[in-house]
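Throughout, read-outs are computed from the coordinates displayed, never taken from laboratory work. If you're wondering where the values come from, they're calculated on a predicted model, not measured in any experiment. Here Cβ is always computed from backbone atoms with ideal geometry, including for glycine, and neighbour counts include all displayed protein chains.
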Amino acid sequence: MSVTGIGAAVRRKEDRRFITGTGHYTDDINRPGQASIYFIRSPHAHAKIKKIDTHEAARMPGVAGVFTGEQFAQDKLGNLICGWTVLSKDGSPMKMAPHAALAAGKANHVGDAVAVVIADTLAQAKDAAEKVVVDYEPLPAVVDPAKAAAKGAPLIHESAPNNTIYNWHLGDADATNAALKNAKHVTTLEFINNRLVPNAMEPRAALAEYDAASGSLTLWNATQNPHVARLVIAAFVGMAPENKLRVIAPDVGGGFGSKIFIYPEEVVCLWAARKVGRPVKWTAERSESFITDAHGRDHVTKAQMAFDGEGKITGLKVHTTANLGAYMSTFSSAVPTFLYATLLSGQYEIPHIYCEVDAVYTNTVPVDAYRGAGRPEATFVVERLVEAGARELGVDPAVLRQKNFVKKFPYQTSVASLYDAGDYHASLAKALEIHDYKGFAKRKRESERNGKLRGIGFATYIEACGVAPSALVGQLGAGVGLWESAEVRVNPTGSVEVLTGCHQHGQGHETTFAQLVADRLGLSIDQVNVLHGDTDTVQFGMGTYGSRSGAVGMSAIVKALDKVEAKAKKIAAHLLEAAEGDIVFKDGKFTVAGTDKSAAWGEVALGAYVAHKFPTSEIEPGLKEGAFYDPTNFTFPAGCHICEVEIDPETGEATVVSWTAVDDFGTVINPMIVEGQVHGGVAQGVGQALLEHTVYDDKGQLVSGSYMDYAMPRADNLPSFHVDTTVTKCPSNPLGIKGCGEAGAIAAPAAVMNAITNALGTELIDMPATAPAIWAVLHKANKMPRAA
Amino acid sequence: MAAVSLTVNGKPVTADVDPRTLLVQLLREHLRLTGTHVGCDTSQCGACVVHVNGKATKSCTVLALQLEGANVLTIEGLAAADGPLHPMQEAFRENHGLQCGYCTPGMIMTAVDIVRRKGNDLDDHTIREELEGNICRCTGYHNIVKAIAAGARAMRGSGATSRAAE
Amino acid sequence: MYAFTFHRPQTLRQAASLLAKNEEAKLLAGGHSLLPTMKLRLAGPPQLIDLSLVEGLAGIEQSGRSLTIGAMTRHNDVNTSPVAQQAIPALAKVAGMIGDPAVRHMGTIGGSIANNDPNADYPAVCLGLGATIITNKRRIKADDFFTGMFSTALEPAEIITKVSFPIPKKAAYQKFRNQASRFALVGVFVSKRGSEIRVAVTGAGSNGVFRVTSFEEALKKRFSPKSLEGMSIPADGMNSDIHGSAEYRAHLVGVLARRAVAEAIGKSAA
Amino acid sequence: MAMTMTGEYQLPASQQTVWDKLNDPAVLKACIPGCESLDKTSDTGFAAVATIKIGPVKAKFKGNVSLSDLDPPNGYKISGQGEGGVAGFAKGGATVKLVPKDGGTLLSYTVEAQIGGKLAQLGQRLINGASKKIADDFFANFANAVSPRSP
């Protein structure tokens, strides 16, 4: 391994601009003549829009335009779409209700935009917005997913009777029922997987500009996938043809899924820019983010796990109601189905699994993929059941897991996934060792002496990343292929630009992708630039989410590098006057095998462009190759996380006191970055388990709508983490990469809740396990210790 | 409109502003110093932290007009544009104390302020408590805590403190 | 924000006169409650009167048996003041628990108590120490000053100039934070000065800061956490919201009071 | 945000007197906290403007007040709703019951209040206390208004 090659903890190339304040996020960009847009949003969860009076607002100082949902509708643009079709059990397609970028006729959640004001300054736009009179007729609202499909619930969309989007299922119901019936023991749990607000620190933003001369639109957008944004806005909304629409995703301050989706605001900015003939900029205020960024999770689940007399799992039955909010967001349908039920086998051999998912509309913010997307929910179901099962059976939870681990690969689960490689024993064993599992009893006694309760919890999780084989996802209803593209552009002086359709918003691709290329071509990473995030620069791409950039994006780069090397060898053969088959490329040097004749990388690169020494009738000048890579399977990162908590029974406060993570991500390009991804994922998972509480009141008002009420982990809520890895290479891609971006968020909620329920001695507590919630459990169970 | 004169990153600045202009707007919109970010509207996330007269301050919760005669230091002024990085900036890079980079300027400005108040030898507990007003959604703080401890040590005797404090 | 006129008076007299002339005007002390509210357009005072240039409003001094803190003294300055730390260490410590470091560089004691946020820390300190709030017009006992959530005895055009705290023999504050806002979900300040015992609670009551006389009586017999063992306060009248039920808050009042007394007498807080 | 609050007052006046005052717009205007105007639009309806102040928050609500379920002199329901612009909306109703007791009248009430929009989203921790205070203040003001000493 070179100091900057694959496996080296290279410091990030992108950091200089971020630590000096010279990065460029969307809101940092300004265009001449730019105006500000302000969205007028429904304060009602469900209301008819009877009339909107904009006359006074239009005459306010600085106002360039005031537009309503009716006016948007008159322009006959298309709706926002959910791009993944899911079929119900009876074969009927999901009920995708129309989702206009500006609501007309009816508002369906608090925050649904009904009109916009465009003015010279944001303050003027807000001043004018206060003069817009919207006459609402409030309607009854439904918020609780468990009640949405019930008789008499308010109907949100005419096209979706009973507010039901689909009733989907996977697996063998009869066999699973039989397994439950014949089981020696059945563990049953009910959970709420709590709704989360993503809260990337950079609020979403969009800046749209119309160039009348060329008839082209440009959109600067805080997005994780500019090409998909362009595709949807062009092909489905019909804003402009793709060749007249450029989407630029500059530096993006975190996404965690929430910036994958195509949102109303970017569509409206483009529309408004053309209407007023000026660039139009929108940057969300945090209070706006809370009621417009797609939320995550929000499942209500009942699940049963069957065990035989030996402690082997014989079946798993799951019923989940998934709340998708007021509209179907871009990938929402896939999250509680294909990204969820297919992972319900966990790391275990479970012969029979049956999962039913009912997806419903409610008068809440749309729900879509959030870090882990379906897999944290699946892991929570499986890992909570295994842990509770171990307790009920009186078996050490580590031992029960070992007994049920998948041991032989490839392994075909009973829920469609084909696990390609892994060693679950290895990660568990290493985690037990690092964590000093044996010392837990002693630590627990020590805590008890201090009046504290101590608990330990595991999550031996699996996830599916590297989304995804195009043909497979096509069969499952996806509207797009999920390959990735790359282009390797060698300059005459030998430096390289790599163009990728992935987008980085914290993952460090500018460094890891450069490491890959530098390693392969024998260059320093400074000679490699990674370009991404601009549809005019990069040919095509599917963006970054689902831990796909390493497994899919880098594989595309490898493919392009193969082509570059092949062509460079041809050119080197001419330069060195040798047969192409005798050319060996190693450490940045082309050598004629068995001789000391060689040409440096730079000579060949230059040779490719001056084109003096090879027949251009046979070999085209230049050295630039592109590739599309389509994965052959998902990748299956897995690992073991162990969480230890201490609870103050007097206040109910739970503190995470230690954390061990041993993950198998396959090949690791940059361990420093991989560890950072684990840290961040665990923090978000701990946040879900202990702090993050999205609360709607029964009228559909989001009452945890700011940082005053929505708690996210801060530095003093978390410990330092012990992070390590084991490695089994992924056999389905050239680098053996599995992906690491979501693992922490997938493993952590189950690990925390297993630790908390271990400490409390009851399974009956939901996330987030806040201090008052834990206190209430202790108090009800009369387990309060006497005051000290 | 009202005039305000202050020093930003060592340079005198005079601006004519609407009284409702916040310091962060003065920096970002008038002076085009966009390293200072806005991440919330309730003064909690800390992405907007700058130094005012040497002290960490949330620039989203101060009016520009309150700063007549004040000395403001932003992330752009922490190190000279053509000079070496400030030891705290260097420590954030060296310890991978950032991912998306959005909270980073506020984190670094807060970190330098912690060193000013708490010295160069900072234990993890102190750092974590002192970061109460800065939210990072990417890193889980592990590496930020490491970076601040290392940056604090590196600042010892380097002469690098908050320039605005001079 | 809504547009407003900005004033920076140099003297207390000017400030008071501006305030008297403009009924809707708001004083800007630290601004960390007011400015966020204005940014969200949930308040739109037509005039803002910035007190930061008014002379003589900041400073900390001990005279005899009391510690006096100027209204515009920043939380961080109270926290780090050797005079305050020496005279009433519990008070200096509380100042270091408000908000976060950057907030403490701007927030002021006068601003905090004039706002009388039901979750703020300083009102509990004032009530828990039996402070006197001194204004440009008069002196007001803390017991008379805090009249309900967000309401005080301050009259229009009355400006807090300083707060005078009698120096207690023993005192301590225990705060259980709201994990989101970092305000006090419940905070309990206890003090002992001669025979006077005070137990003041913030965060819990639906009508702002209050004293717990039953605890005070119990502690008069013996100033020890044991005196409060098994004691609690009724949940009736406690605040109940997504951060904690009335029962939970009532329970925490007992827990934190015991811990505060333990801390005040130098025993472990846990 | 939806809240329910209850309370009662023993008033030193006859049931009929209390009932009359409950139906007197001038009394109602004086009792509704922050009420700036209350103009009769029908026998049982009023156009109203009220400013609600909760700490640093100050929002003006424009809307209407109506009286329903009239059962003289035993009680009625008084309801109000208002739009507060960017702050959102507020609505609420109080069911008021009057029973002769101890030579005076026992007034008991159940208030239901609901807040929506920005106030509900951002003011969560303030709303319960504030609603209770507004309800308490209204009935305390009213009790004051019917006490014989007050004008």
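Summary table
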| quantity | calculated |
| --- | --- |
| Projected-area mean, region B:2-77, by convex hull of Cα positions, square nanometres | 4.3 nm² |
| More than 52 Å apart - percent of Cα-Cα pairs taken over the protein assembly as shown | 28 percent |
| Most fluctuating residue given options C:Arg104, C:Arg211, C:Arg222, as computed from a GNM of chain C linking Cα atoms under 10 Å | C:Arg222 |
| Descending semi-axes in whole angstrom, ellipsoid equivalent of region B:87-156, from the Cα gyration tensor | 17, 13, 10 |
| Partner lysines for C:Lys221 [C-alpha distance under 22 Å; skip if fewer than 8 residues away on the same chain] | C:Lys169, C:Lys170, C:Lys192, C:Lys267 |
| Of every Cα-Cα pair in region A:214-361, the percent that sits beyond 18 Å | 66 percent |
| Cα Rg over Rh - chain C, Kirkwood | 0.97 |
| Region A:633-788 - convex hull of the alpha-carbon atoms, volume per residue in Å³ | 150 Å³ |
| Cα shape, region C:60-166, gyration tensor, a/c 1.5 rule | oblate |
| Tensor-based shape of region A:628-668 (alpha-carbon gyration tensor, a/c under 1.5 rounded, otherwise prolate or oblate) | prolate |
| Translational diffusion of region A:483-629, µm² s⁻¹ [Kirkwood Rh, Cα pairs; Stokes-Einstein; 4 °C; 1.567 mPa s] | 84 µm²/s |
| Entries in A:Lys259/A:Lys407; A:Lys259/D:Lys53; A:Lys408/A:Lys430 that, when Cα-Cα distance is taken, lie over 26 Å | A:Lys259/A:Lys407; A:Lys259/D:Lys53 |
| Mean shadow area of chain A, taken as a quarter of the surface of its Cα convex hull (nm²) | 36.5 nm² |
| Residues C:Phe6, A:Phe256, C:Phe183, sorted so that the one with the fewest Cβ neighbours within 10 Å comes first | C:Phe6, C:Phe183, A:Phe256 |
| Set of aspartates and glutamates with alpha-carbon distance to A:Lys151 below 16 Å, sequence-local pairs under 8 removed | A:Asp358 |
| Spin-label pair D:Ser14/A:Glu433, simplified geometry with 7 Å Cα→Cβ offset, distance in nm | 9.4 nm |
| Per principal axis, descending, Cα span of region C:5-50 in whole Å | 31, 19, 13 |
| Candidates per trypsin sites (Lys or Arg not before Pro) in region B:1-78, loop by DSSP, up to 14 other Cβ within 10 Å | B:Arg32 |
| Computed over region C:170-264, Kirkwood Rh from alpha-carbon pairs, angstrom | 13.0 Å |
| Tilt relative to chain C, helix C:12-21 - C-alpha long axis, 0 to 90 degrees, to 10 | 80 degrees |
| Region A:130-170 - Debye-derived log10 I(q)/I(0), Cα point model, q = 0.23 Å⁻¹ | -0.81 |
| Proximal lysines to A:Lys563, defined as alpha-carbon separation beneath 24 angstrom and excluding residues fewer than eight positions away on the same chain | A:Lys586, A:Lys589, A:Lys597, A:Lys613, A:Lys624, A:Lys729, A:Lys738 |
| Anisotropy class of region C:112-270 from Cα gyration tensor, a/c 1.5 cut | oblate |
| Using distinct alpha-carbon pairs, which all enter the 1/r mean, Kirkwood radius of chain D in Å | 15.7 Å |
